[in-house]
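Beneath this line is the structure, given in structure tokens, with notes to follow.
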Ligand SMILES: Nc1ncnc2c1ncn2[C@@H]1O[C@H](COP(=O)(O)OP(=O)(O)OP(=O)(O)O)[C@@H](O)[C@H]1O
Ligand SMILES: [Mg+2]
């Protein structure tokens, strides 16, 4: 079977600076991957590059969706092929949320109203998208829009940052729904709170300085990240300790 | 002839003798003579009906009443029997002035005849215009429609409209003005009298042509606790359009002006609105949204003048530039003559941001779809102030504006 999403030797620069420095990644059907990494390490850059946002310039390498090279495609073409992204910091858009929803889905029905109510964002319909939305509202709207695109690959950039406990639960449900409907997930999280609400997580990656330095069992990676911090992964000489810390050899290391 | 009428003509002549400067040469057009040749709606050419439809007028429908003027000719007037019985009048202003002595009480009373050369020219060459009277307490559910069509090249159409909504009455008036030729001059004087506790919803849709000069001259007197709501849309290019409707709000009166302008081609538009809060506790709002593309220039003006206490007014002008050569300017003015007037304004002119576009493209919209979504979203204002039954058709007119803005 062809791999759903494959990122090969990706080098990407933003604003003239090289941010991703040779990165490989492989995601299969209905897999959930978590991406950890310090601030500024390039997590959002990776997601935005997969989405095809024009500011992110691919210098080398490619992105493949079901074996097809999509590196040169425009964002909307990628969206049509099934890639969707929940932005970490979406821009304010001068269009009412309600309008966007009407145009986004073919059938604007009760199902969507139910989703809106479940996410507690029905009161935002008549407001311009992300204008004065609270942090939690932004996250919930982003995840809903992503869900409504019925993606094959959902790129979720910190859907759990700054979100209260109840919302965490709701967002977790949406992520599970995405997977149920057949999507694969690439999820960026710092504290991993959201992981408790996701039914099944396959792999965790650690991204440092534009490279994936480690791939392994999600719970264990999270443990090290929270207990020892990223310096643990950074220091190549201690890499062996990392492996020792995690019992057995990491599965699926690419 | 009564002396007062001569007096008006004298004042008008003086204005023209002054020889006001300006880019429109009033002598360059044919003024013809007023006509009253009736044309049955079923005899109207298909092309004219379609043109009327574009500016929101459905001549085939059973509205509350209809006035249709083509060039200098009153082609058709209709008032339903039901409204006739209640005393509603719809006719040409010339006819009304002849028939009813009392109409003179409303003739050039809100708008001085010597305001400028356009009002003066209209007094000296009056070619009809519509007169509407709604008696006290009469509430009309269906809209009354008035259509001013220009079908002959290089003529001037100076009309004078008088709308009187008596105490506690309620009407919705839809006016559509359109051109079927390329070149002409339209001068539309409109005087609205909204009496105590009355309500007038006024929708005006313009569909001119690239070599048209257009000078609406509107004044509205809203008596205590009355409400005047206007919704203006300009669809097509013009050579030059300039207007600044004035609304005088008496005690506790309300006035809302919304204008939606599409500036395309080589159009120059200078559109404003002026709310004068003359009575205590009056309130009002001016909102304008302009989309400017090609080489067009749009100036948005707005003036709020507080002359009484406890008044509240807000002014909001926004322009969206869609092409590198489009020009726009917002000129908001606030003037509080008295203490206790709360007047605010917001103005913004900008372009669609790359970030916004890219975001929408990541959500699956093509660049063109994303642009039209932003344009359509930008236009979405003021509808909640209009009667429910008209909102759908106004929405579809806004859809048209968004479509036309693409080129
Ligand atoms: N438009 C830009 N112009 C210049 N530098 C940029 C731009 N976008 C991102 N960068 C830089 O690229 C680096 C990686 O940014 P990125 O947003 O991918 O980090 P991240 O891993 O998502 O961090 P965080 O955890 O803080 O969200 C940062 O140093 C950032 O400042
Ligand atoms: Mg980030």
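Descriptive notes on the structure:
- Considering the conditions (1) within 14 Å of chain B (Cβ to nearest Cβ); (2) at pLDDT 95 or above, residue A:126 is excluded by exactly one of them, (2).
- Sub-7 Å Cβ pairs linking a first residue in the range A:182-211 that is away from chain B (no Cβ under 14 Å) and within 15 Å of residue A:155 (Cβ to Cβ) to a second residue that is part of a loop (DSSP other than H, G, I, E, B) and within 16 Å of ligand 1 (Cβ to nearest atom), at least 6 apart or interchain, are A:188/A:158; A:189/A:158; A:189/A:160; A:194/A:159; A:194/A:160; A:207/A:37; A:207/A:41; A:207/A:42, ordered by first then second residue.
- Filtered by the rule that a residue be in a strand (DSSP E or B), free of Cβ contacts under 8 Å to residues at least 60 places away in the same chain and more than 9 Å from every other protein chain (Cβ to nearest Cβ), the range A:67-96 gives A:68, A:69.
- Test: residue B:84 is free of Cβ contacts under 8 Å to residues at least 12 places away in the same chain, closer than 26 Å to residue B:133 by Cβ and not in a loop (DSSP other than H, G, I, E, B): yes
- Residue within the range A:213-226 that is away from ligand 1 (no atom under 16 Å from the Cβ) and within 18 Å of residue A:120 (Cα to Cα) present: no
- Of the strands (runs of 3 or more DSSP E) lying entirely inside the range B:150-260, those containing at least 2 residues that are on the phi < 0 side of the Ramachandran plot and in contact with a helix residue (DSSP H, G or I) (Cβ under 8 Å, 6 or more places away or on another chain) span B:155-165, B:170-179, B:183-194, B:199-207, B:211-222, B:227-234.
- The residue list A:5, A:64, A:20, A:10 contains one member that is more than 14 Å from chain B (Cβ to nearest Cβ) and within 11 Å of ligand 1 (Cβ to nearest atom), which is A:20.
- Flag if residue B:280 is outside any strand (DSSP E or B) and on the phi < 0 side of the Ramachandran plot: yes
- Apart from one condition, residue A:102 fits all of (1) facing chain B (nearest Cβ under 7 Å); (2) closer than 16 Å to residue B:369 by Cβ; the exception is (1).
- For residue A:162, the criteria (1) within 14 Å of chain B (Cβ to nearest Cβ); (2) over 29 Å from residue B:351 (Cα atoms) hold in every case but one, which is (1).
- Only one of the listed residues (A:35, A:53, A:47) is within 14 Å of chain B (Cβ to nearest Cβ), outside any loop (DSSP other than H, G, I, E, B), within 16 Å of ligand 2 (Cβ to nearest atom) and closer than 19 Å to residue A:159 by Cβ. That residue is A:47.
- Given (1) out of contact with any strand residue (DSSP E or B) (no Cβ under 6 Å at 6 or more places or on another chain); (2) farther than 27 Å from residue B:179 by Cβ, number of the condition residue B:120 does not satisfy: (2)
- Flag if residue B:202 is under 12 Å from the mean Cα position of the chain (by Cα) and in contact (Cβ under 8 Å) with a residue 24 or more places away in the chain: yes
- Filtered residue count, the range A:134-159, keeping only those that are within 14 Å of chain B (Cβ to nearest Cβ), surrounded by 17 or more Cβ atoms within 10 Å (Cβ to Cβ) and closer than 21 Å to residue A:82 by Cβ: 16
- Hits in the range A:92-107 - residues which are crowded, with 16+ Cβ neighbours inside 10 Å and within 20 Å of residue A:151 (Cβ to Cβ): A:93, A:97, A:100, A:101, A:103, A:104
- Residue A:131 meets all of the listed conditions (1) within 30 Å of residue B:351 (Cα to Cα); (2) touching a helix residue (DSSP H, G or I) at 6+ places or on another chain (Cβ under 8 Å); (3) within 14 Å of another protein chain (Cβ to nearest Cβ) but one, namely (2).
- Number of positions in the range B:357-374 that are at the interface with chain A (Cβ under 7 Å from one of its Cβ atoms), more than 15 Å from residue A:99 (Cα to Cα) and either surrounded by fewer than 21 Cβ atoms within 10 Å (Cβ to Cβ) or within 31 Å of the chain's Cα centre (by Cα) (or both): 1
- Top-ranked residue in the range B:332-356 [being surrounded by fewer than 18 Cβ atoms within 10 Å (Cβ to Cβ) and part of a helix (DSSP H, G or I); ranked as farthest from the other protein chains (Cβ to nearest Cβ)]: B:354
The values are calculated or read from the model by the stated rules, or taken from the named source; none is laboratory data. Predicted, not measured: the structure shown is a model, and the values here were computed from it. Heads up, the Cβs are rebuilt from the backbone with ideal geometry, glycines too, and the neighbour counts pull from every protein chain shown.
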